[in-house]
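See structure below.
Laboratory data are not the source of any read-out in this text; all were calculated from the coordinates shown. Here the structure is a predicted model, which is why all the values come from computation and not from measurement. Note that we place each Cβ from the backbone using ideal geometry, even for glycine, and neighbour counts take in every protein chain shown.
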Amino acid sequence: MIKENTPDKEKENTETITNKKPGDKNKKEEILQAQVTIGTIGHVDNGKSTLVQALTGKFPDDHSEELKRGISIRLGYADTDFRKCTVCNESYTVEKVCPECKNPTKVLRRISFVDCPGHEVLMATLLSGVTLMDGAILLIAANSRCPQPQTREHLAAMEILGISNIVIAQNKIELA
């Protein structure tokens, strides 16, 4: 396996991976590396993992104990591509086909999401996840009082570690 950087400016943060096996004719596969990493933070059970699933199509809690207990224990990861139509140049989507004109789309940017646990005893796990983040989404459930204890702790951790790009999202509005 040989890694080579692509010089094209449009593909600035990509790598081309060439798998060379006897009999293969320079089979190439292009992988876009994430340009931004966004964390999901907030109190336990505010919908952080569900938001990541809605944005990426992948549920980040895949460890058996997480599924059994219904909470994030480890850091969860998921990626998504933001795309633009190659023909109409108007549609922005995560789909490989434009929803308007049904033509192929091209990748503009890949975003990685780090889903952090919200439980107080898992604060050390959150802190290790913060080191990967360029920004964060703070989820606050509309059916709970605000701020919750972990909401304050998570915001303090972001401040201490210098994460200033934070979007606050209110979740579970239908339950309020």
- Task: Provide Rg over Rh for segment 36-175; use the alpha carbon set for both Rg and the Kirkwood Rh (inverse mean inverse pair distance).
- Result: 1.03
- Note on the structure: Least to most buried among Asp115, Asp81, by other C-beta atoms within 10 Å and fewest first, runs Asp81, Asp115
- Task: Quick one: compute the contact order of segment 36-175, relative version, from alpha carbon pairs under 8 angstrom and 6+ residues apart, as a percent.
- Result: 31
- Message: Based only on other Cβ atoms within 10 Å, what is the fewest-to-most ordering of Leu108, Leu51?
- Response: Leu108, Leu51
- Message: In segment 116-138, whose amide N lies under 17 Å from the spot 7 Å out along Cα-to-Cβ of Gln33? List them in ranges.
- Response: 132-134
- Taking the Cα centre of segment 36-175 as origin and charging only Cβ (+1 Lys, Arg; -1 Asp, Glu), how large is the dipole, in debye to the nearest 20? 300
- How much length is gained if the chain between Ile173 and Val94 is pulled fully straight, taking 0.36 nm per residue apart and subtracting their Cα-Cα distance, in nm to one decimal? 26.0 nm
- Message: Taking the number of other C-beta atoms within 10 Å as the exposure measure, put Ser49, Ser144 in order starting with the fewest.
- Response: Ser144, Ser49
